[in-house]
Amino acid sequence: MMFIGGGVGGVGQIGGGARLVASGAPDFSLSNSAATTIWGAVSIGDLAPINAPAGVTFRLVNEPAGLAVVNG
Amino acid sequence: MAIRIATISATDLRPASNITKRNYATAMTVGGTAGKVVGWWQAAFVRLPGSPNFINNTVYPLWGHDGNNAGNFNGGQDGVVWIGGDSASQGALRLRPRRTARSGNQNGYAAANQDFTSVSALTANGTDVYLLVYGEQNTGTDASPVWQGWAARVLVGGGVSSQVIATALASLYVTSATGVLLSQIFNSRPAAGAARSPVNLAFENFAHVNGDFPWDTANNRPHHDALLALANGTGAPATLHSYASLIAAQNAGTLGYANLRGDARADLSFHWTLANLTTGLANSGNGGANALSPANWNSLTGGLEDVAGFTPAHWTTNPTITEPVVKFHGGRGALPYTASGTYQAGTTALQRRWVLAGTSAPVPGFDWAAVGTFGGGTWSTTDTLPFGVFDLQVRDPNDVSRAATMSDFLVGTIALMHGQSGMAGVTENANAPKNVLNIALSAGVQGLYLEGSSSDAGGASYIKPTPLITRMVGGQTPAGLAHGALLMINEWQVHNPGHPLLIAKLAIGGTAMADWAANGTIGQWTYLGTVGEPGTANAGGVGRVGHYAWMLRGIADVHAIMWTPGMSSVEATRTAYADAIDARFTVTPAAPWLVLPPWRGHRSSPDSSSTVAKRAEHVSFVAERGARGILGPYWPDIVMDGNPIPASTANPGSLHCAFHSNATLGGSGSSVSDQNQVGQARLGRGIGRSLAWAYNRTIKAHGPRVVAAWFRDGARTVIEIEMGRAVRTLNGAGINNQFWISTDDGATFAKTGFTVALDASATRAVLTSTGGAWPASNVRVDYARAWPFGPADGDLDEALTERKLDGLLYDDQVHRGGTNLAALPGNPLTSANGNGVAVTARGTAKLLATERWTGTRNVTVRMIAADGVTVLREKTLVITGI
């Protein structure tokens with residue numbers, strides 16, 4: 001038996017005990033990907049869930065310097 | 001090349017076998033002539049240090065034998081050549097030789113110490129070079145010997161002076177054969193408190209000669225023509241000599257001096273060139289292999305260092321390489337360096353190559369090739385080397401014996417440290433004792449520490465400044481540097497492995513930026529002045545900055561600045577200062593300014609230096625520098641040196657970081673300890689990280705700060721605060737709550753009524769009310785409005801509250817914090833600091849840039865379900881900073 005691409009797969013485990021849902025399900029978008037940076041906080045873009053349940057939050061992985069998520 | 005003391009009480013040079021005294025009454029064959037009844041002489045080219053290393057009320061041992069290793073040279077077989085300090089208690093001894101001569105427990109002279117008070121005083125200024133000679137010889141005949149001790153000095157390029165002690169040496173001393181004439185060059189074994197060779201004492205071309213020096217029978221003294229011939233002094237005879245050629249001519253009877261005792265003979269038994277610590281320790285004399293070896297003491301290493309040579313040029317036919325005052329070239333491997341020198345008659349051509357230091361492996365692209373210019377006795381080569389540590393070699397390709405080497409030349413990054421005592425105190429050497437925490441340099445560290453002697457030119461009378469230049473090499477534990485400097489370069493090394501760093505302390509205590517910008521007078525010179533080498537008699541218009549620019553060849557790769565309280569409040573003055581620096585460091589006009597704004601000039605908020613205005617001036621300075629301005633982490637100078645003691649509200653501190661190490665000077669129960677590395681150590685590490693960060697923004701140097709705050713949900717019992725960094729406490733300590741909440745729009749703040757925790761990412765603080773909901777409006781948060789230390793808040797004694805520091809929030813990788821700054825252009829935050837950051841209803845999730853950067857960065861974003869665990873989607877996005 002084969003799974004059809006894009007179908008709902010199993011829930012995976014990733015580091016730290018978090019579970020990773022197979023790709024193809026919920027998604028999100030970033031409204032913009034560039035900004036004129038300053039010595040201060042400046043918005044790059046909004047993070048908008050797509051096909052996601054209510055209450056989702058956003059986090060950065062590996063914490064790159066000079067970027068952050070708020071309200072997420 | 002020559003060798004100098006870089007760290008006191010660390011290292012000296014020891015021959016494989018001691019040189020023991022003979023029974024001088026016994027005839028021997030010397031210089032090819034049998035039946036000679038002769039003594040001995042020793043000589044070296046000597047450069048005495050200037051202030052502050054040569055000022056004590058004492059005498060300094062140069063070379064000899066210290067039988068009991070205590071530095072007092074009073075053992076039964078001891079002998080030593082000393083030099084009186086320039087403030088020695090016996091005025092007649094000042095800067096003149098002294099000899100202690102003992103063999104078989106018999107003093108050679110009438111007194112234990114013989115002072116040569118008729119010898120003209122030397123100059124201790126770190127510049128003048130002397131040939132210093134001491135001898136005990138037969139001034140009579142082989143049949144009727146007369147034994148006299150003598151000393152002489154010749155200023156290279158100057159005059160000669162000598163003294164012969166009229167009273168003959170004691171006969172029992174002459175015949176005793178147990179005294180030791182040399183077991184050490186320099187004296188570094190004793191610890192503090194004993195007579196030791198001072199820092200910056202340097203020797204080159206040391207000789208021990210069996211036999212008698214050419215003697216002037218008319219004046220009964222060592223022949224001044226011979227002394228001048230060695231040192232190329234004024235009035236020198238036409239024929240100049242090295243030790244070898246002088247002795248050869250003496251033995252051959254061809255010296256031709258007037259009134260010369262014709263039958264004196266000698267043998268150059270031991271000659272160590274001391275050209276450097278690798279090739280200058282072999283004996284080139286006739287006494288057999290008896291190489292010198294560095295001997296380390298007091299658990300220290302690396303106390304000796306190669307320096308530019310100073311023996312007169314006529315000693316060699318080799319080309320010369322003119323060594324710069326600072327053998328460090330900035331520019332981070334991207335700026336050309338021009339080396340130059342001279343060559344002697346008979347040299348047909350010259351090639352140069354750069355090799356990895358201490359090896360014969362050429363730097364790729366810099367193997368043997370013709371020098372750039374060659375003619376008229378001078379040559380030059382211009383090369384752009386990568387960062388690293390190298391040796392420069394030059395040779396005549398048609399006679400490769402004509403060669404020269406400049407060793408240990410560094411190419412890397414030059415950091416210029418600006419400010420006053422707060423900045424200076426992190427690295428400077430005025431705070432004795434040094435390296436009280438016994439910090440070792442990490443493997444791979446390569447660097448230099450440069451500290452101009454502001455006190456020299458700043459004193460009541462002019463003394464030519466003699467900068468302290470100290471090499472830093474991984475694995476060493478330098479005793480002569482502040483541990484703040486050592487931890488700074490260790491931290492740099494973490495991010496820049498093998499990339500040399502030069503730390504140049506430009507800052508001077510008690511000075512204000514406005515005075516520098518106006519080129520005001522400080523002591524006997526000015527702050528800015530012209531670029532050049534200060535003169536011997538006066539500065540000649542050269543200023544402090546001009547001197548640094550000259551030494552560093554106009555290169556400063558990064559300017560680091562924290563200036564409290566002397567940062568100017570006037571934009572024009574701040575700009576004038578920056579422009580004045582640029583006008584002198586002309587090779588690097590785009591060097592970044594890394595500004596470290598002080599959060600608290602002192603632990604107490606009432607202190608004038610902890611005001612918003614003082615921080616705002618620093619932030620303004622960043623903004624005014626445009627693209628060159630980099631806002632560094634705040635200056636968390638929390639633990640001070642305790643002065644004045646006790647600290648009080650009215651007298652809240654010195655602004656100087658703690659640097660002492662123990663209970664006596666500041667341990668438990670005292671407020672001046674850095675034993676937990678929270679004072680100078682913390683600042684040193686933090687600046688080292690920040691300097692690296694200035695060039696690589698993926699290295700994190702900022703600490704926690706309130707980027708934004710919002711209520712988690714409509715219940716308003718939880719506030720989430722984004723800090724822009726993963727943070728942590730130290731040593732597993734619980735969070736010492738330093739978050740403050742206002743419910744009246746910033747009029748008043750308190751840090752009660754809630755708990756604090758970090759979320760799983762450690763980038764967010766979560767404040768949970770222990771009461772009801774917070775109001776929907778007029779709620780603001782702030783961080784560290786006042787530190788948990790006295791006198792305004794908490795315990796008076798910092799040492800008793802030191803562990804509270806562990807509970808503060810630190811950047812995940814560095815022991816530094818960072819928080820709100822005034823709302824000014826360039827401010828990383830939006831808070832006006834006085835009233836914190838507004839807590840808002842949770843809005844749309846946004847991705848923010850939290851600092852200035854350009855180019856592209858990849859960021860991986862996870863969308864997480866409401867359970868806080870399930871990752872619904874993870875994507876890596878490319879973000880462009882403009």
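The values are calculated or read from the model by the stated rules, or taken from the named source; none is laboratory data. The shown structure was predicted, so the numbers you read here are calculated from the model rather than taken from an experiment. Neighbour counts are summed over all protein chains in view; Cβ atoms, including those assigned to glycine, are modelled from backbone coordinates with ideal geometry. The protein model used for the area step is the full one, side chains on, heavy atoms only, and it has no ligands, DNA or RNA in it. Shrake-Rupley method; radii C 1.70, N 1.55, O 1.52, S 1.80 Å.
Remark: pairs (first residue in the range B:57-84, of a type in the set (D, E, K, R); second residue part of a strand (DSSP E or B) and open to solvent by 10 Å² or more (accessible area, probe 1.4 Å); Cβ separation under 8 Å; 6+ apart in sequence or on different chains) = B:Asp78/B:His65; B:Asp78/B:Arg102; B:Asp78/B:Val180. What do you reckon, is B:Phe213 part of a loop (DSSP other than H, G, I, E, B) and closer than 16 Å to B:Trp41 by Cα? Yes, satisfied.
Would you mind finding the one in B:Gly149, B:Gly126 that is assigned to a strand (DSSP E or B) and buried (at least 17 other Cβ atoms within 10 Å of the Cβ)?
Working: B:Gly126 fails: assigned to a strand (DSSP E or B).
The conditions single out B:Gly149.
If the condition is being in contact with a Ser or Thr (Cβ under 8 Å, 6 or more places away or on another chain) and free of Cβ contacts under 8 Å to residues at least 40 places away in the same chain, then the range B:347-390 contributes B:Val371, B:Gly372, B:Thr373, B:Gly377, B:Thr378. For the range B:509-518, the condition holds for at least one residue, the condition being that it is farther than 23 Å from B:His656 by Cα and either out of contact with any helix residue (DSSP H, G or I) (no Cβ under 6 Å at 6 or more places or on another chain) or surrounded by 24 or more Cβ atoms within 10 Å (Cβ to Cβ) (or both).
Has the range B:616-637 got any residue that is polar (S, T, N, Q) and modelled with pLDDT under 85? Taking every residue of the range B:616-637 in turn, at least one turns out to be polar (S, T, N, Q) and modelled with pLDDT under 85. Can you find even one residue in the range B:688-707 that is at the interface with chain A (Cβ under 8 Å from one of its Cβ atoms), at pLDDT 75 or above, open to solvent by 10 Å² or more (accessible area, probe 1.4 Å) and part of a strand (DSSP E or B)? No - not one qualifying residue is present in the range B:688-707.
Taken over the range B:721-740, residues that are closer than 18 Å to B:Gly836 by Cα, assigned to a strand (DSSP E or B) and in contact with a Gly (Cβ under 9 Å, 6 or more places away or on another chain) amount to 2.
Cβ-Cβ contacts under 6 Å between residues 6 or more apart (or on different chains), taken from a first residue in the range B:308-326 that is farther than 21 Å from B:Leu155 by Cβ to a second residue that is basic (Lys, Arg) and open to solvent by 30 Å² or more (accessible area, probe 1.4 Å), are listed as B:Asn318/B:Arg402. Somewhere in the range B:164-176, is a residue open to solvent by 30 Å² or more (accessible area, probe 1.4 Å), without any contact (Cβ under 8 Å) to a residue 12 or more places away in the chain, farther than 26 Å from B:Ala229 by Cβ and outside any helix (DSSP H, G or I)? No, the conditions are met nowhere in the range B:164-176. Tally up the residues in the range B:43-74 that are open to solvent by 10 Å² or more (accessible area, probe 1.4 Å), at negative phi and assigned to a loop (DSSP other than H, G, I, E, B), please. The qualifying residues number 12.
The set of residues in the range B:147-190 being over 15 Å from B:Pro97 (Cβ atoms), aromatic (Phe, Trp, Tyr) and in contact with a Gly (Cβ under 6 Å, 6 or more places away or on another chain) consists of B:Tyr173 alone. On inspection, A:Val69 passes the criterion of being under 14 Å from the mean Cα position of the chain (by Cα) and crowded, with 18+ Cβ neighbours inside 10 Å. Scanning the range A:25-70 for residues that are facing another protein chain (nearest Cβ under 7 Å) and of a type in the set (S, T, N, Q) yields A:Ser33, A:Thr36, A:Thr37, A:Ser43, A:Thr57, A:Asn62.
Yes/no per residue for (1) hydroxyl-bearing (Ser, Thr, Tyr); (2) at pLDDT 90 or above; (3) part of a loop (DSSP other than H, G, I, E, B):
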position	(1), (2), (3)
B:Leu481	no, yes, yes
B:Met488	no, yes, no
B:Glu491	no, yes, no
B:Val494	no, no, no
B:Leu502	no, yes, no
B:Ala514	no, yes, no
B:Gly532	no, yes, yes
B:Gly535	no, no, yes
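With the condition kept exactly as written, say whether any residue in the range A:25-33 is among the charged types (D, E, K, R), modelled with pLDDT of 55 or more and surrounded by 19 or more Cβ atoms within 10 Å (Cβ to Cβ). Checked the range A:25-33: no residue is among the charged types (D, E, K, R), modelled with pLDDT of 55 or more and surrounded by 19 or more Cβ atoms within 10 Å (Cβ to Cβ).
The residue pairs whose first member lies in the range B:541-560 and is more than 11 Å from B:Arg584 (Cβ to Cβ), whose second member is of a type in the set (D, E, K, R) and open to solvent by 10 Å² or more (accessible area, probe 1.4 Å), and whose beta carbons are closer than 6 Å, counting only pairs six or more residues apart or on different chains, are B:Asp557/B:Arg332. Restricting attention to the range B:859-873, the residues being open to solvent by 50 Å² or more (accessible area, probe 1.4 Å) and either touching a residue at least 24 places away in the same chain (Cβ under 8 Å) or facing chain A (nearest Cβ under 7 Å) (or both) number 5. Taken over the range B:834-857, the criterion of being part of a strand (DSSP E or B) and facing another protein chain (nearest Cβ under 7 Å) is satisfied by B:Lys846, B:Leu847, B:Leu848, B:Ala849, B:Arg857. Annotation: B:Ala252 fulfils all but one of (1) within 27 Å of B:Asn113 (Cβ to Cβ); (2) free of Cβ contacts under 8 Å to residues at least 40 places away in the same chain; the unmet one is (1). When residues of the range B:19-42 are filtered for being buried (at least 23 other Cβ atoms within 10 Å of the Cβ) and of a type in the set (Gly, Ala, Ser), how many remain? Summing the residues that are buried (at least 23 other Cβ atoms within 10 Å of the Cβ) and of a type in the set (Gly, Ala, Ser) in the range B:19-42 gives 1. Within the range B:439-459, which residues are open to solvent by 30 Å² or more (accessible area, probe 1.4 Å), modelled with pLDDT of 90 or more and out of contact with any strand residue (DSSP E or B) (no Cβ under 7 Å at 6 or more places or on another chain)? Within the range B:439-459, B:Ala440, B:Ser442, B:Ala443, B:Gly444 qualify. Has the range B:407-415 got at least one residue that is in a loop (DSSP other than H, G, I, E, B) and open to solvent by less than 50 Å² (accessible area, probe 1.4 Å)? Yes: the range B:407-415 contains one or more residues that are in a loop (DSSP other than H, G, I, E, B) and open to solvent by less than 50 Å² (accessible area, probe 1.4 Å). The set of residues in the range B:77-106 being in a loop (DSSP other than H, G, I, E, B) and within 18 Å of B:Arg189 (Cβ to Cβ) consists of B:Gln77, B:Asp78. For beta carbons closer than 6 Å, sequence separation of 6+ or different chains, a first residue in the range B:232-249 that is at positive phi and a second that is buried (at least 18 other Cβ atoms within 10 Å of the Cβ) and at pLDDT 80 or above, the qualifying pairs are B:Asn232/B:Pro312.
Checked against (1) more than 26 Å from the chain's Cα centre (by Cα); (2) crowded, with 18+ Cβ neighbours inside 10 Å; (3) within 30 Å of B:Gly211 (Cβ to Cβ), B:Ala2 passes all but a single condition, namely (1).
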